[in-house]
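Since the structure comes first, as structure tokens, the remarks are kept for the end.
The values are calculated or read from the model by the stated rules, or taken from the named source; none is laboratory data. Small disclaimer: the values here were computed from a predicted structure and weren't measured. Every residue, glycine among them, receives a Cβ derived from its backbone with ideal geometry; neighbour counts consider all protein chains shown.
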Amino acid sequence: MIQLRPIALVLLMATTSPAFAETMSFESAAAMLGESCGKDIDANCFGVNFDAPRLKECLTRNQDTVSPQCRADYGRAFDAIQKRVAARAAFAKMCERDQKKYCADAQNVFVDVLACLLKGPRGMTLNCNKAISEAGYR
């Protein structure tokens with residue numbers, strides 16, 4: 001049960017939160033939270049909605065009773081999730097030029113455009129390549 005809560009948290013945050021190199025995957029961040037903070041979340045944050053701001057606020061508020069390992073890891077996990085979400089939000093803007101230039105015939109559906117860009121058309125910009133990687137699409 002403890003491991004399911006951080007996974008649900010990550011899924012919720014992926015759809016609601018706000019680019020940076022070497023972003024940690026959602027799965028890795030959830031695993032870190034589950035391993036380091038699962039017991040602390042159950043003990044101190046029972047009944048708290050598992051969205052990033054509320055959970056982070058709860059762990060911060062209860063910092064004096066949270067385990068040292070959780071205190072060391074939860075900030076890193078939340079920051080990593082925020083960076084991954086920000087990278088996904090920046091992807092469209094960073095690849096807009098490449099989309100128009102190389103994928104004009106792709107349906108303007110995210111999946112089609114992403115599939116086209118993942119083929120790595122010759123001449124695609126470095127920024128778009130970087131955005132794809134940072135967003136975790138590659």
**Study point:** Leading residue by the ranking (surrounded by the most Cβ atoms within 10 Å (Cβ to Cβ)) among those in region 40-99 that are more than 26 Å from residue 110 (Cα to Cα) and small (Gly, Ala, Ser)
**Key:** 77
Point to revise | From 106, 30, residue being among the small types (Gly, Ala, Ser), under 23 Å from residue 127 (Cβ atoms) and surrounded by 13 or more Cβ atoms within 10 Å (Cβ to Cβ) | key: 106
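Return yes when residue 64 is farther than 29 Å from residue 115 by Cα, of a type in the set (D, E, K, R) and modelled with pLDDT under 85 and no when it is not.
no
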Check your understanding: Is there a residue in region 36-57 that is modelled with pLDDT of 90 or more, within 30 Å of residue 122 (Cβ to Cβ) and of a type in the set (Gly, Ala, Ser)?
Key -> no
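Of these, 72, 106, which one is not assigned by TED's automatic domain parsing to the domain that holds residue 26 and not β-branched (Val, Ile, Thr)?
Details: 72 fails: not assigned by TED's automatic domain parsing to the domain that holds residue 26.
None of the other options fit; the residue is 106.
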Practice item. Residue by residue through region 110-137, note down the ones that are surrounded by 13 or more Cβ atoms within 10 Å (Cβ to Cβ) and among the charged types (D, E, K, R). Key: 112, 130, 134
